[in-house]
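The values are calculated or read from the model by the stated rules, or taken from the named source; none is laboratory data. Everything numeric in this text was worked out from a predicted model, so none of it was measured. Glycine gets a Cβ as well: all are built from the backbone with ideal geometry, and neighbour counts include every protein chain shown.
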Amino acid sequence: MPGRLQYKSALITGAGSGIGLESSLLFAQEGANVLLADINLPAAEKGAALIKHRFPDVTAVAIQADVGKEADIKHAVDVAVKEFGRLDIMFNNAGIMHPKDDNALNTEEAIWDLTMTINVKGVWWGCKYAILAMRQNPLDESKGLRVGGSIINTASFVSIMGAATPQLAYTASKGAVLAMTRELAMVHAREGIRLNSLCPGPLKTPLLMDFLNTDEKKNRRLVHLPMGRFGEAVELAKAALFLASDDSSYVTGTDFKVDGGLTSCYVTPL
Ligand code: NAD
């Protein structure tokens, strides 16, 4: 059976952990060559080594990139195109939730700026260089390869609903990701470039679990989750695979929610 991403190539940021790592593995399993970009190079290298071990038919390359630096993102896209000959999928997934991010009164400007640089500018730059690369994709109908591609930007459920446990810079940054993605999707719709936001609910990954480091903090959230549990990174990877593949060929500009029903919830089951 050919994979759903056969002959395609993907660049994934934040690929060393959580959603990015699970997506790297799943995309490779489905036949894609994958460039794993992360600020933490050893983590990205570990992911690439896992792919080489499990899926020897595809190519996996690890690279250090800080998405808060435009030059790093441009370099990562250049490396993907050089290694794989094309870039079909850009997954702008890296993001931070700073422990000192708080409410309007307590959040320091430096924390606000850092969060916006990584979570918003990083996604903008990722879109910018991916769009430039995707316009150059060679057409190869025999392999089902087209000009254009799929760009997925990780937002969050907090871009849609408010939380009384505030992390204001993070929330505002993810709202910006949603708005930016919708507009880019419209601008580039006729170029065969699809852009969608992925909106995860709260997940069992280091980003959230390092922060919810007591049972009290975990339970404060769990009571609001319709399914009574946090999500798993691999559940987001499966949604990212749908958005990355041609299975979603008529899906663009959407806020794709994978949140266990959280954003539809008024009262949770007992
Ligand atoms: P994670 O902590 O498991 O992984 C994040 C990865 O990003 C790490 O490998 C880290 O090294 C990397 N990273 C951090 N800063 C970077 C930078 N400046 N440049 C490049 N890489 C960087 O987190 P995760 O839960 O998989 O989060 C992935 C995305 O999902 C983030 O954008 C996050 O905001 C979003 N998200 C997560 C949750 C959740 O509950 N975990 C919920 C909603 C949205």
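Quick one: in segment 83-101, which of the residues that are touching a Lys or Arg at 6+ places or on another chain (Cβ under 9 Å) and charged (D, E, K, R) is farthest from the ligand (Cβ to nearest atom)? Taking the candidates together, the pick is ARG86. If only residues of segment 133-151 that are surrounded by 14 or more Cβ atoms within 10 Å (Cβ to Cβ) and of a type outside the set (A, V, I, L, M, F, W, C) are counted, the one that is nearest to the ligand (Cβ to nearest atom) is SER150. For segment 92-100, the criterion of being part of a strand (DSSP E or B) and crowded, with 24+ Cβ neighbours inside 10 Å is met by at least one residue.
For segment 195-225, the set of residues classified as touching a helix residue (DSSP H, G or I) at 6+ places or on another chain (Cβ under 8 Å), among the hydrophobic types (A, V, I, L, M, F, W, C) and within 13 Å of the ligand (Cβ to nearest atom) consists of LEU198, CYS199, LEU203, LEU207, PHE211, LEU212, LEU225, listed by residue number. Comparison of THR252, THR263 shows that the only residue that is closer than 21 Å to GLY175 by Cα, part of a helix (DSSP H, G or I) and touching a strand residue (DSSP E or B) at 6+ places or on another chain (Cβ under 7 Å) is THR263. For segment 39-60, give me the residue count where each residue is surrounded by fewer than 21 Cβ atoms within 10 Å (Cβ to Cβ) and either within 16 Å of the ligand (Cβ to nearest atom) or part of a strand (DSSP E or B) (or both). Within segment 39-60, residues that are surrounded by fewer than 21 Cβ atoms within 10 Å (Cβ to Cβ) and either within 16 Å of the ligand (Cβ to nearest atom) or part of a strand (DSSP E or B) (or both) number 9. Here is the figure for segment 1-38: residues that are more than 13 Å from the ligand (Cβ to nearest atom), outside any helix (DSSP H, G or I) and touching a residue at least 24 places away in the same chain (Cβ under 8 Å) total 14.
The single condition from (1) under 30 Å from GLU108 (Cβ atoms); (2) in a loop (DSSP other than H, G, I, E, B) that LEU225 fails is (1).
Within segment 141-160, the set of residues being at pLDDT 95 or above, part of a loop (DSSP other than H, G, I, E, B) and more than 12 Å from ASP255 (Cβ to Cβ) comprises GLY148 only.
Selection of first residues in segment 197-215 that are assigned to a loop (DSSP other than H, G, I, E, B) and of second residues that are polar (S, T, N, Q) and within 9 Å of the ligand (Cβ to nearest atom), restricted to Cβ pairs under 7 Å at least 6 apart or on distinct chains, gives the following pairs, ordered by first then second residue: THR205/SER17.
Is it the case that LYS238 is charged (D, E, K, R) and either in contact with an Asp or Glu (Cβ under 7 Å, 6 or more places away or on another chain) or surrounded by fewer than 19 Cβ atoms within 10 Å (Cβ to Cβ) (or both)? Considered against the rule, which asks whether it is charged (D, E, K, R) and either in contact with an Asp or Glu (Cβ under 7 Å, 6 or more places away or on another chain) or surrounded by fewer than 19 Cβ atoms within 10 Å (Cβ to Cβ) (or both), LYS238 comes out as yes. If you filter segment 152-194 down to residues that are in contact with a Cys (Cβ under 6 Å, 6 or more places away or on another chain) and of a type in the set (A, V, I, L, M), you find that the one that is farthest from the ligand (Cβ to nearest atom) is LEU184. Among ALA104, ALA110, ALA130, ALA80, which is more than 14 Å from the ligand (Cβ to nearest atom), part of a helix (DSSP H, G or I) and more than 19 Å from the chain's Cα centre (by Cα)? The conditions single out ALA110. Of all residues in segment 121-179, those that are closer than 25 Å to ARG4 by Cα and in contact (Cβ under 8 Å) with a residue 60 or more places away in the chain total 15. Taking the criterion of being of a type in the set (A, V, I, L, M) and within 21 Å of SER197 (Cα to Cα), would at least one residue in segment 50-73 satisfy it? There is at least one residue in segment 50-73 that is of a type in the set (A, V, I, L, M) and within 21 Å of SER197 (Cα to Cα). Contact annotation: residue pairs with Cβ atoms under 9 Å, 6 or more positions apart or on different chains, pairing a residue in segment 95-113 that is free of Cβ contacts under 8 Å to residues at least 24 places away in the same chain with a partner that is among the small types (Gly, Ala, Ser) and surrounded by fewer than 16 Cβ atoms within 10 Å (Cβ to Cβ), are LYS100/ALA110.
Total residues in segment 241-260 satisfying the condition of being more than 20 Å from LEU178 (Cβ to Cβ) and crowded, with 19+ Cβ neighbours inside 10 Å: the figure is 2.
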